[in-house]
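Everything below concerns the one structure shown next.
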Protein chains: 2
Amino acid sequence: MSKRAYNFCAGPAALPEAVLKKAQAELLDWQGKGLSVMEMSHRSDEFVGIATKAEQDLRDLLSIPSDYKVLFLQGGASQQFAQIPLNLLPENGKADYIDTGIWSKKAIEEAGRYGRVNVAASAKAYDYFTIPGQNEWKLSADAAYVHYTPNETIGGLEFGWIPETGDVPLVADMSSTILSRPLDVSRFGLIYAGAQKNIGPSGLVVTIVREDLLGRARSICPTMLDYKVAADNGSMYNTPPTLAWYLAGLIFEWLKEQGGLEAMGAINQRKQQKLYDFIDASGLYTNPIAKNDRSWMNIPFRLADEKLDKPFLAGADARGLLNLKGHRSVGGMRASIYNAVDEAAVDALLAYMAEFEKEHG
Amino acid sequence: MSKRAYNFCAGPAALPEAVLKKAQAELLDWQGKGLSVMEMSHRSDEFVGIATKAEQDLRDLLSIPSDYKVLFLQGGASQQFAQIPLNLLPENGKADYIDTGIWSKKAIEEAGRYGRVNVAASAKAYDYFTIPGQNEWKLSADAAYVHYTPNETIGGLEFGWIPETGDVPLVADMSSTILSRPLDVSRFGLIYAGAQKNIGPSGLVVTIVREDLLGRARSICPTMLDYKVAADNGSMYNTPPTLAWYLAGLIFEWLKEQGGLEAMGAINQRKQQKLYDFIDASGLYTNPIAKNDRSWMNIPFRLADEKLDKPFLAGADARGLLNLKGHRSVGGMRASIYNAVDEAAVDALLAYMAEFEKEHG
């Protein structure tokens with residue numbers, strides 16, 4: 001086998017090698033049962049055990065209060081963009097959305113198909129480099145909920161604070177930030193996260209929803225998109241994505257072994273600090289985001305001359321530093337440094353960036 | 001490692017050992033790239049290559065005409081139950097449905113939430129043991145489509161023929177029969193199949209749709225559920241379930257290596273014939289389904305005395321013959337003998353059934 005690469009992909013993203021090895025070891029025969037997890041009925045004692053443990057481990061990691069349901073769903077965050085208004089926005093109601101970039105805008109666009117959407121604040125005035133402070137927000141008193149995107153995977157903008165919305169439920173797309181550090185779930189009405197960054201493989205989306213928000217689905221909501229139906233059936237109204245659920249469970253176990261989210265938060269703090277400090281001190285690399293609003297997980301950066309992009313990427317590839325090309329809408333580079341991208345990977349990237357700057361700076 | 005069991009689960013079901021071994025070998029490092037398929041961007045050349053080959057192999061296996069799109073979606077057949085009327089049933093339109101059992105009824109119930117549903121025929125009059133012939137059907141001339149369930153996974157009822165619906169598009173839930181034998185796709189407007197029987201792991205549903213049926217989605221249809229959006233984006237409007245797609249591709253490769261659907265059909269014909277012949281000749285076991293309407297894939301059977309169910313299942317488990325318990329709504333036993341359940345597994349089951357009959361008959 002060749003060496004495992006350092007993988008800075010924004011998602012589907014790197015997974016911990018220990019988790020992949022465990023999955024590999026039991027892929028044909030889970031715990032001596034003679035079959036793969038993929039080949040088990042989702043109603044079997046074995047799989048229900050796997051599913052229940054995964055949920056409990058996630059509850060432990062995030063200290064999820066008991067009046068919240070944890071749902072293991074499909075369709076990614078993009079399906080949640082519809083599922084949220086279909087469940088929470090009454091036919092003649094209104095929802096507040098905060099625009100901080102590409103993913104917020106997608107959520108806004110889809111919600112607008114189901115009711116009135118008030119964009120209560122937008123980072124557009126700041127070229128999406130700064131998050132508008134809450135003092136600038138124009139929240140509606142009668143909003144069904146407030147939606148925001150705590151981390152913009154493409155722009156590299158992240159909230160270091162949780163908005164205050166009083167009695168109005170706060171809804172957050174945490175796809176690329178969940179599990180990166182401790183979180184006070186009780187501040188939210190609903191949290192959702194596509195798995196393919198910090199949770200597991202793609203094809204799974206985790207939704208954490210306060211129980212009082214269940215049972216409000218519109219009549220046009222497909223049964224499969226009704227949170228209450230999912231909650232009442234333990235996310236098994238139909239066959240769930242069993243393999244992805246199992247792999248997510250292995251990730252949760254691994255996170256607990258690492259010391260939980262306090263420990264991960266400390267590591268992630270160091271990783272991003274190193275990278276931003278290096279970029280800020282460099283004469284070749286720049287990151288445009290306001291210091292207080294910089295993402296811990298997705299770090300876009302540019303080279304002083306676009307002509308250097310190709311040689312930079314080629315040299316990175318040759319050193320096993322993969323998937324550093326930025327999103328086409330932003331250009332430049334992006335290093336996604338999720339939980340499974342360890343400090344050694346960041347150090348290897350920094351060594352290469354320094355070497356490249358010495359040659360081309 | 002312990003021996004691999006014979007797995008008769010109705011789904012998620014057995015997968016070919018050769019496929020699992022291949023997936024296992026490359027789980028940490030796909031083709032020397034230093035990362036798992038799970039860790040690749042869905043937009044990378046590598047994954048696009050995997051996805052394209054999987055689709056082409058499926059097209060080859062089923063001889064899918066070029067004016068059909070093949071979509072790799074999420075949410076299982078249950079989500080398709082809503083997605084079909086949301087895409088194909090105009091607000092004031094009508095759809096014909098054929099009721100042959102539990103899965104048909106679920107499809108009917110969900111479609112009824114989006115418009116008028118005419119149950120054009122029902123097997124209820126035959127206690128769901130016989131499929132009503134098309135001469136008994138009351139199809140509507142103005143139906144947007146006709147929906148049926150070619151194989152009822154729970155009841156064990158299967159169509160040996162394709163309904164004739166003229167210009168009205170025929171829509172089929174092929175979850176538990178697809179790829180079990182050759183199929184004339186050109187007879188259908190839309191075919192869908194949850195992966196977790198003959199295609200791969202759960203969390204993936206394949207939809208094959210004639211192009212002229214795209215672009216009719218209702219305004220209330222979530223973007224993620226619009227077939228045209230999926231088709232226009234090569235099933236990558238958002239991140240698809242990449243691992244499941246890759247595993248499905250390995251299954252398609254394996255099916256081609258076995259000689260394709262002609263060869264699989266011949267094997268499956270023999271497997272089911274052996275099992276039904278044995279049951280019919282036995283004094284202990286019975287199957288209630290009309291001979292022409294018996295499923296090749298899901299074979300429910302009862303023992304003469306319910307008290308024998310427990311010892312039968314215990315003895316089966318002890319011999320590594322797993323998941324023979326019938327669905328709770330039907331009772332008794334069920335042997336699901338999909339493509340990955342080979343003739344040796346059926347022979348082992350028959351040997352045990354004979355042994356058990358000798359002891360308890």
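Coordinate-derived values only; no laboratory data. Here the structure is a predicted model, which is why all the values come from computation and not from measurement. Ideal geometry is used to build each Cβ from the backbone, glycine not excepted, and the neighbour counts take in all protein chains shown.
Below are the figures for this structure:
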{"item": "Scattering profile of region A:187-315 at q = 0.21 Å⁻¹ [log10 I(q)/I(0), Debye over alpha-carbon scatterers]", "result": "-1.25"}
{"item": "Members of A:Lys33/B:Lys325; A:Lys69/A:Lys138; B:Lys291/B:Lys325; A:Lys291/B:Lys33; B:Lys69/B:Lys325 lying beyond 27 Å, as alpha-carbon distances in this model show", "result": "A:Lys69/A:Lys138; A:Lys291/B:Lys33; B:Lys69/B:Lys325"}
{"item": "Cut-off 13 Å between beta-carbons: net charge of the residues surrounding A:Lys53, Lys and Arg +1, Asp and Glu -1", "result": "-4"}
{"item": "Over chain A: helical MRE at 222 nm, DSSP H runs n ≥ 4 each giving -39500 (n - 2.57), nearest 500", "result": "-11000 deg cm²/dmol"}
{"item": "Net length gained if the chain between A:Lys310 and A:Glu211 were fully extended (0.36 nm per residue, minus Cα distance)", "result": "30.6 nm"}
{"item": "Top positive-direction residue, dipole computed over the protein assembly as shown with Cβ charges, set A:Ser36, B:Gly156, A:Tyr227", "result": "A:Tyr227"}
{"item": "Cα-Cα P(r), chain A, percent of pairs per 20 Å interval", "result": "29, 56, 15, 0"}
{"item": "Shielding of A:240-252 by partner chains, average beta-carbon count, 10 Å", "result": "3"}
{"item": "Two-decimal log10 I(q)/I(0) for region B:109-207, as the Debye equation yields it once each C-alpha is a single scatterer, q = 0.10, 0.22 Å⁻¹", "result": "-0.29, -1.38"}
{"item": "Label-point separation in nm, A:Ser186 to B:Arg116, each point 7 Å along Cα→Cβ", "result": "5.5"}
{"item": "Per-copy distances of the A:Lys274 label point, shortest first, in nm (7 angstrom along Cα→Cβ)", "result": "5.9"}
{"item": "Extension gain from A:Asp142 to A:Lys358, taking 0.36 nm per residue of separation minus the Cα-Cα distance", "result": "72.1 nm"}
{"item": "Dimensions (Å) - region A:45-164, Cα atoms, principal axes, largest first", "result": "53, 33, 24"}
{"item": "Rg and Dmax [Cα atoms of the protein assembly as shown; Å; Rg one decimal, Dmax integer]", "result": "26.4, 86"}
{"item": "Proximal aspartates and glutamates to B:Lys21, defined as alpha-carbon separation beneath 13 angstrom and excluding residues fewer than eight positions away on the same chain", "result": "A:Glu26, A:Asp29"}
{"item": "Per principal axis, descending, Cα span of region B:259-360 in whole Å", "result": "42, 29, 25"}
{"item": "Pseudo-label separations to other copies for B:Asp305 - Cα-to-Cβ vector, 7 Å, nm", "result": "9.1"}
{"item": "For region A:92-164, size of Cβ-based charge dipole, Lys and Arg +1, Asp and Glu -1, in debye", "result": "260"}
{"item": "Ratio Rg/Rh [Cα only; Rh per Kirkwood] for region A:201-249", "result": "0.99"}
{"item": "Estimated FRET transfer efficiency (A:Ile162, A:Leu350; beta-carbon r; R0 35 Å; 0.05)", "result": "0.70"}
{"item": "Ranked list, fewest to most other Cβ atoms within 10 Å of each Cβ, for B:Glu46, A:Glu306, A:Glu26", "result": "A:Glu306, B:Glu46, A:Glu26"}
{"item": "Anchor A:Lys22: aspartates and glutamates whose Cα lies under 12 Å away (excluding residues fewer than 8 positions away in-chain)", "result": "A:Glu253"}
{"item": "D (Stokes-Einstein, µm²/s), Kirkwood Cα radius, region A:20-102, 0.890 mPa s at 25 °C", "result": "149"}
{"item": "Fraction in percent of alpha-carbon pairs per bin - 5 Å, region A:101-161", "result": "4, 17, 29, 27, 17, 7, 0"}
{"item": "Inter-chain shielding of A:76-86 (mean C-beta neighbours from other protein chains, 10 Å cut-off)", "result": "4"}
{"item": "Listed residues A:Gly315, A:Gly101, A:Gly11, most fluctuating in chain A (Gaussian network, C-alpha, under 10 Å)", "result": "A:Gly315"}
{"item": "Under 17 Å from the B:Arg43 label point (7 Å along Cα→beta-carbon), backbone N, region A:142-158", "result": "A:152-157"}
{"item": "Net charge over other residues, Cβ less than 13 angstrom from the Cβ of B:Gln24 (K, R count +1; D, E count -1)", "result": "0"}
{"item": "Sparse-neighbour loop sites [trypsin sites (Lys or Arg not before Pro); region A:1-51; at most 15 other C-beta within 10 Å; DSSP]", "result": "A:Lys3, A:Arg43"}
{"item": "Selected from B:Val171, B:Asn92, B:His360, residue furthest toward positive end of dipole (the protein assembly as shown; charges at beta carbon)", "result": "B:Asn92"}
{"item": "Label distances, nm, B:Gln258 versus same residue in remaining copies, Cβ-directed 7 Å point", "result": "4.0"}
